[in-house]
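Below is one structure, written out as structure tokens, with a few remarks after it.
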Amino acid sequence: MQSYEERLTAPRSWWVIAVAVGIACALMLLPLGTLPMLGGLVGGAALAAVLVSSYGSARILVVAGSLIAGDAKIPAAALGEVQVLDAAEARAWRTYKADTRAFMLMRSYIPTAVRVEVADPADPTPYVYLSTRHPEELAAALAAIRA
């Protein structure tokens with residue numbers, strides 16, 4: 001059985017922005033003195049870093065006969081056909097082709113994705129859209145647990 005694990009981490013540029021937020025907070029507090037300025041630097045950068053880290057902490061796992069994507073856990077029996085999406089097709093499924101009932105774990109900074117049909121007739125969710133940096137590997141792992 002093939003397993004798969006991926007964390008949808010935020011890009012490095014977002015961490016630079018978190019540091020810039022800390023510097024901006026420090027500059028706003030500069031007129032109040034050195035200690036408030038240092039507090040603004042540390043506090044602003046820490047808060048921005050927590051936000052970046054939490055947004056980039058989403059995981060996609062294929063283990064023990066299940067697909068775990070963020071908060072969703074879907075058994076292999078409920079999974080249907082897997083479609084690998086290139087950047088253009090992924091953008092289309094994120095926008096005008098999207099179904100409001102679909103489960104979407106998407107990150108704008110990841111251009112590729114997979115679309116997995118939900119085969120459970122009792123589930124109103126038509127498909128699962130997952131942003132992934134390795135769509136072929138994820139599709140292969142999903143095919144392995146379905147087989």
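Some points to look at:
- Only one entry in GLY70, GLY80 is open to solvent by less than 60 Å² (accessible area, probe 1.4 Å), under 25 Å from TRP14 (Cα atoms) and without any contact (Cβ under 8 Å) to a residue 60 or more places away in the chain, namely GLY70.
- Of residues in segment 87-124 being closer than 20 Å to ARG59 by Cα and of a type in the set (Ser, Thr, Tyr), the one surrounded by the fewest Cβ atoms within 10 Å (Cβ to Cβ): SER108
- Apart from one condition, GLY33 fits all of (1) out of contact with any helix residue (DSSP H, G or I) (no Cβ under 9 Å at 6 or more places or on another chain); (2) crowded, with 16+ Cβ neighbours inside 10 Å; (3) among the small types (Gly, Ala, Ser); the exception is (2).
- Filter result for ALA143 (over 22 Å from ALA10 (Cα atoms) and open to solvent by 70 Å² or more (accessible area, probe 1.4 Å)): no
- Taking (1) more than 21 Å from PRO111 (Cβ to Cβ); (2) open to solvent by 80 Å² or more (accessible area, probe 1.4 Å) in turn, ARG59 satisfies each apart from (1).
- Taken together, the residues in segment 16-30 that are open to solvent by less than 50 Å² (accessible area, probe 1.4 Å) and either under 30 Å from ALA69 (Cα atoms) or among the hydroxyl-bearing types (Ser, Thr, Tyr) (or both) amount to 1.
- With respect to (1) under 21 Å from ALA140 (Cα atoms); (2) touching a residue at least 60 places away in the same chain (Cβ under 8 Å); (3) out of contact with any Leu (no Cβ under 7 Å at 6 or more places or on another chain); (4) not charged (D, E, K, R), the lone exception for ALA64 is condition (2).
- Sole residue being surrounded by 12 or more Cβ atoms within 10 Å (Cβ to Cβ) and either of a type in the set (Ser, Thr, Tyr) or touching a Leu at 6+ places or on another chain (Cβ under 8 Å) (or both), chosen from SER13, SER53, SER3: SER53
The values are calculated or read from the model by the stated rules, or taken from the named source; none is laboratory data. Nothing here was measured: the structure is a model prediction, and the numbers come from that model. We place every Cβ from the backbone using ideal geometry, glycine too, and count neighbours over all the protein chains shown. Side chains are part of the model used for accessible areas, which takes the heavy atoms of the whole protein and leaves out ligands, DNA and RNA. Shrake-Rupley method; radii C 1.70, N 1.55, O 1.52, S 1.80 Å.
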